[in-house]
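Here the structure is laid out as structure tokens; the discussion comes afterwards.
Every number in this text was worked out from the coordinates using simple rules, so none of it is lab data. Because the structure is predicted, anything quoted here is derived from the model rather than measured. FYI the Cβ positions are ideal-geometry reconstructions off the backbone, even for glycines, and counts take in every protein chain you see.
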């Protein structure tokens, strides 16, 4: 479920939590807007990376890089998409319940023995705030408020209280997000199958 909110609305949610005056746009010249402009992108990406948010998942078929074959251990190399924040576990058929396949992420590459095309799922840098889920928006605002509080007030205890609230909100938000879709099925284990 998309929130439909703007980046400015998220900034103002942060300012509301800190009892600060709102801004009219992200281009506002106030010091609070400049702080949010500096910190918002990295905090958004860090939060996206921490969980498999439904609104920030993509799947793709990666072509093998012919000029980047690993010199040892792995047979194939694939370029990680530019908008990827985290590669999800790679399976034999690309599905989340498929058989896990060995791979390594090195720099911007996925190294594996699986041939092309490599079916890959990943968390991408979702920048369209209107598509964020409401629980993600609320959590992001709480995290930003917790980080902003010390800079704004100089009170470490106040900042710690807001950060603790963000930690609790993270557990609730990820639980809610995880309830959408089918539950993960247990992965078959070859050792158990032999028995």
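Points worth noting:
- Relative to the longest principal axis of the Cα atoms of the chain, the long axis of helix 31-49 lies at roughly 30 degrees.
- With Cα atoms defining each centre, region 8-57 and region 69-106 are spaced 32 Å apart in the structure.
- Principal-axis tilt of helix 134-153 within the chain, Cα atoms, nearest 10 degrees: 50
- Largest mean-square fluctuation among 101, 57, 13, in a Gaussian network model of the chain whose springs join Cα atoms under 10 Å apart, belongs to 101.
- Contour excess over end-to-end distance, with Cα ends at residue 151 and residue 26 and 0.36 nm allotted per residue: 43.1 nm
- Helix-only mean residue ellipticity at 222 nm for the chain, each DSSP H run of n ≥ 4 adding -39500 (n - 2.57), per residue, nearest 500: -13000 deg cm²/dmol
- Region 57-125 shape via C-alpha gyration tensor axes, a/c threshold 1.5: oblate
- Just checking the listed ones, 44, 86, 17: in the Gaussian network model of the chain with Cα springs under 10 Å, the one fluctuating most is 17.
- Most mobile listed residue (23, 123, 143) in the chain, GNM with C-alpha springs under 10 Å: 23
- The modelled label-to-label distance between residue 82 and residue 66, using points 7 Å beyond Cα along the C-beta direction, is 2.2 nm.
- Rounded to 10°, Cα long-axis angle of helix 156-178 versus longest principal axis of the chain: 40
- In nm, spacing of pseudo-spin labels at residue 160 and residue 59 (7 Å Cα→C-beta vector): 4.6
- Contact order normalised by residue count of region 1-118, Cα under 8 Å, 6+ apart, percent: 19
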